[in-house]
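Nothing in this text is a laboratory measurement; each read-out follows from the coordinates by a stated rule. From a predicted model like this one, the values you see are computed outputs, not experimental measurements. Cβ sites come from the backbone with ideal geometry, for glycine too, and all protein chains shown count toward neighbours.
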Amino acid sequence: MRAIFVMIKCDMGQAYRVARDMADGIEELSEMHSISGQYDLLGKFYLEADRDIGLFVVEKIQTVPGVKDTYTLQTFNAFSGPRG
C-alpha cells in the first residue's frame, strides 16, 4: 500500500458535505482534514502499489459533487517522531 495526499477545493459552502460524502463513500480514504489556504480539504488515501493514481483521483475524487479542483501529492517514505 502507498499513501497519496489530495488537496481538494470545494464549491462555496460545500466542504463539510464533500468531506462527509468521501468519508462515507471512498474506502481508500484514511483521513480527511479541513484546512486553511487555497484548498479546503486534505485527504490521505491508501492505494495498492499497482493502482493508477490519476485514474483514482479522476474517477473517485473529482466526481464527488461539490469538488471544484484537486492537487495530488504522491508520497515515498513516512517518518515519525517519538510520539508517532
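If you scan region 72-84, which residues turn out to be assigned to a strand (DSSP E or B) and either of a type in the set (Ser, Thr, Tyr) or touching an Asp or Glu at 6+ places or on another chain (Cβ under 8 Å) (or both)? Don't jump to the end; show me each part of the working.
Taking region 72-84 as the starting set, the residues that turn out to be assigned to a strand (DSSP E or B) are 72-74.
Selection gives 72 alone.
Which residues, counting only those in region 58-71, are surrounded by 16 or more Cβ atoms within 10 Å (Cβ to Cβ) and either among the small types (Gly, Ala, Ser) or farther than 16 Å from residue 19 by Cβ (or both)? Even if it seems obvious, please write down each step before you answer.
Of all residues in region 58-71, those surrounded by 16 or more Cβ atoms within 10 Å (Cβ to Cβ) come to 60-61, 64, 66-67, 70.
Within region 58-71, just 66 meets the criteria.
Scan region 66-84 and report the pairs whose first residue is among the small types (Gly, Ala, Ser) and whose second residue is in a loop (DSSP other than H, G, I, E, B), with Cβ atoms within less than 9 Å and a gap of 6+ or a chain change.
Sorted first by the residue in region 66-84, then by its partner, the pairs are 66/11; 66/13; 66/14.
Within region 48-65, which residues are without any contact (Cβ under 8 Å) to a residue 40 or more places away in the chain and out of contact with any strand residue (DSSP E or B) (no Cβ under 7 Å at 6 or more places or on another chain)?
50, 51, 52, 54, 55, 58, 59, 60, 63
Tell me which residues, restricted to region 39-50, are out of contact with any helix residue (DSSP H, G or I) (no Cβ under 7 Å at 6 or more places or on another chain) and either within 12 Å of residue 10 (Cβ to Cβ) or surrounded by 15 or more Cβ atoms within 10 Å (Cβ to Cβ) (or both).
Listed by number, the residues that qualify are 39, 42, 44, 45.
Going through region 33-71 one residue at a time, which ones are aliphatic (A, V, I, L, M) and in a strand (DSSP E or B)?
Of all residues in region 33-71, those aliphatic (A, V, I, L, M) come to 35, 41-42, 47, 49, 53, 55, 57-58, 61, 64, 67.
Matches in region 33-71: 41, 42, 47, 67.
Within region 10-32, how many residues are buried (at least 16 other Cβ atoms within 10 Å of the Cβ), assigned to a strand (DSSP E or B) and under 11 Å from the mean Cα position of the chain (by Cα)?
Qualifying residue count, region 10-32: 2.
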